[in-house]
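To keep things clear, I will list the structure first and then write my remarks on it.
The numbers here are math on the coordinates, done by the rules we state, and not lab data. Keep in mind it's a predicted model, so treat the numbers as computed, not measured. Glycine also receives a Cβ, built like all others from the backbone with ideal geometry; neighbour counts cover every protein chain displayed.
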């Protein structure tokens, strides 16, 4: 793909991609989910109080490079990842999908989400936030270059841990 | 089995522990972790009488900077006033009791109450009352400044408040714990540490005292954190196998009673330290700078002290609710009960004021390998504590927690024993059961 020419992309393509990713995460198909990641993919959850902070000088909740994501998935799949064993049930609702910029083969897109996480004994956690993506356009889909999750709550508070892929 | 009348019980006959030194057993009454009465007594006997961590001076860079937070359940304003002095005010309007400042942080010369518009200077004085001609001469604004905690003092930029005007001074209260704070501050060539931007605030559905235990309990590492140990191994960090079959940790570590209910673990480092013990997770690029950091420490502190700073890890508890972990990174963690079965945790990362951009990034990255709500270990701690609280629903029919580990050992206590947990519980039990117990007993 020519790095100088901006790719053309429709919102429907981005939406389809987001829905696919949400399904893989909600179904705990993490090996398939990892196939959506570029080799230089990053995954960020900034702290609730400094959403604009740079991970190099701000304490994030999650700041993963590709290798750390690989290790995170190994950990989450392990039955000794007690915070996610038995696995939480999650359900993501994704909406307000917008393409916010295109630069060469990189598409910036964002979406609002509600991610419900359920643990046993009626423990329910509602993560409300905005996804901000940098997607690399491929021949028939996208690869995730950056996946940034902004949480709207003022503090993590009763949401507790982010022990799954949010 | 009854706690009444046991050896080492409280004077008034009520004790939450059975501390049998002769048999070498220690049992904790689980009522301590589930009872509303206990929580009410804790508010009076513990949180209203101990020195409670408020914040770090580095969070207030310029005059006028402030943070609002809840400390021991009390809404406070932690501020640097116009003269540059660090202050702490109760964030409650003297007029009708409204919360005055609603912003999380910022820079202000004055704090305005939204309700009737009373205005306070950042030195605390009441500066303006709208329509003050409606009052008699008995209305004296000079006595209506924002209230402050009875005591407010600092050790090396760590600021604490105490609601008890009779409390012993902070330096005596901290006692031997000061030496362990020094070990952290020694990381900095200028002696200045910096709380790094970004706050982790999360709830744990468990009694707050379970976090005290967990923060220093190295017995749980192999079982609770096997996925973290795997991650370290996957990342080329060689975790040495135990040399002694009785140890559950790869290296022998100690647990030390520091008096006044404070205690710490003290371990040989085996997990890498941003200052300054390299592991492959930091990357090859980090090696020269980390060698330089170590060299500076050797020059400034001498080889022995430098080794202490670089090659040992500590989880320090300042009684009752401040934890400073100096391990994968340095974290300040404080927590407060929000009901008997829930706590609110706040955690910060602490770095040296002068560290380079790369060193700061490395420190934060190392933090996240273990600590915090998205770390590779803390979420499993949270789960374990919540499982304890859920299990405690059976407390009336299964009343005692077993905490005797290591009691038979003659000399040093290991980090994987429960000696330091017993240190906490003995001190807590004393404060809870003595009618006029002293917050700062001699060790």
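As a test of the formula, what do you get for the protein assembly as shown when each DSSP H run with n ≥ 4 contributes -39,500 (n - 2.57) and the sum is divided by the residue count, at 222 nm and rounded to the nearest 500 deg cm²/dmol?
-7000 deg cm²/dmol
Estimate the FRET efficiency between residue A:70 and residue B:342 by the formula 1/(1 + (r/R0)^6), using the beta-carbon distance for r and 35 Å for R0, to the nearest 0.05. Each step should come with its number before you reach the end.
Values: r = 35 Å, r/R0 = 0.99.
Using R0 = 35 Å, I get an efficiency of 0.50.
Hey, rough spin-label estimate for residue B:223 and residue A:130, points 7 angstrom out along Cα→Cβ, what's it come to in nanometres?
4.5 nm
Under the rule a/c < 1.5 gives rounded, and otherwise a/b versus b/c splits prolate from oblate, where does segment A:81-166 land using the Cα gyration tensor?
prolate
Chain B: D in µm²/s via Stokes-Einstein (Kirkwood Rh, Cα pairs, 10 °C, 1.306 mPa s)?
The calculation lands on 68 µm²/s.
If the viscosity is 1.306 mPa s and the temperature 10 °C, what translational diffusion coefficient in µm²/s does Stokes-Einstein give for segment B:53-155 when Rh comes from Kirkwood over Cα pairs?
Rounded, D is 114 µm²/s.
Return the average number of partner chain Cβ atoms within 10 angstrom of each residue Cβ along peptide A:74-87. Intermediate results must be reported in sequence, preceding the final value.
Values: counts 4, 10, 3, 1, 4, 2, 9, 8, 13, 11, 4, 3, 0, 0.
Mean shielding by partner chains, rounded to a whole number: 5.
Say we join alpha carbon atoms closer than 10 Å with springs in a Gaussian network model of chain B; which of B:305, B:273, B:30 then has the biggest fluctuation?
Judging by the Gaussian network model, the answer is B:305.
Between the alpha-carbon centers of segment A:119-166 and segment B:178-239, tell me the distance in whole angstrom.
Centre-to-centre distance over Cα atoms comes out at 25 Å.
Which of A:122, A:71, A:132 moves most in a GNM of chain A, Cα contacts under 10 Å?
Most flexible of the set in this elastic network: A:122.
Just the C-alpha atoms of the protein assembly as shown: what Rg/Rh do they give, with Rh taken as the Kirkwood radius?
Values: Rg = 25.7 Å, Rh = 26.1 Å.
My calculation puts Rg/Rh at 0.98.
For segment B:258-313, what is the relative contact order in percent, using Cα pairs closer than 8 Å and at least 6 residues apart in sequence?
About 43 percent, as a whole number.
Give me B:387, B:368 sorted ascending by neighbouring Cβ count inside 10 Å, so fewest comes first.
B:387, B:368
Note down the relative contact order for chain B as a percent, whole number, built from C-alpha pairs under 8 angstrom at least six residues apart. Write out the running numbers ahead of the final one.
Working: 866 pairs, mean separation 90.9, N = 443.
Relative contact order comes out at 21 percent.
Would you order B:208, B:428 from fewest to most other beta-carbon atoms within 10 Å of each residue's own beta-carbon?
By the 10 Å Cβ count, ascending, the order reads B:428, B:208.
For a paramagnetic label modelled at 7 Å from the Cα of residue A:138 toward its Cβ, which residues of segment A:18-33 fall within the zone defined by backbone nitrogen distances under 18 Å?
A:18-25, A:29-33
How much length is gained on full extension from residue B:133 to residue B:268, taking 0.36 nm per residue of separation minus their Cα-Cα distance?
Extra length from residue B:133 to residue B:268 when fully extended: 41.8 nm.
Pull out the extension gain between residue A:102 and residue A:8, defined as 0.36 nm times the separation in residues minus the alpha carbon to alpha carbon distance; nm, one decimal.
Details: separation 94, 0.36 × 94 = 33.84 nm, distance 0.82 nm.
Contour length minus Cα-Cα distance gives 33.0 nm.
Among B:319, B:335, B:270, determine the one that fluctuates most according to a GNM of chain B built with springs between C-alpha atoms less than 10 Å apart.
Its mean-square fluctuation being the largest, the pick is B:270.
Roughly what angle does helix A:66-77 make with the longest principal axis of chain A, taking Cα atoms, 0 to 90 degrees, to the nearest 10?
The angle comes out at about 40 degrees.
Running Debye on chain A with equal point scatterers at the Cα sites and no solvent, what base-10 log of I(q)/I(0) appears at q = 0.10, 0.16 Å⁻¹?
The calculated log intensity ratios at q = 0.10, 0.16 Å⁻¹ are -0.37, -0.97.
Below 8 Å between Cα atoms, with a sequence gap of 6+, how large is the relative contact order for segment B:186-433 in percent?
31 percent
Stretched out fully, how many nm does the piece from residue B:233 to residue B:144 gain, at 0.36 nm a residue minus the Cα gap?
Using 0.36 nm per residue and subtracting the Cα-Cα distance, I get 26.0 nm.
Mind checking the angle between helix A:11-26 and chain A's longest principal axis? C-alpha axes, 0 to 90 degrees, to the nearest 10.
30 degrees
Sorting B:432, B:161 on the 10 Å Cβ count, fewest up front, what's the list? Walk me through the numbers before you get to the answer.
Values: B:432 19, B:161 24.
Arranged by neighbour count, lowest to highest, B:432, B:161 become B:432, B:161.
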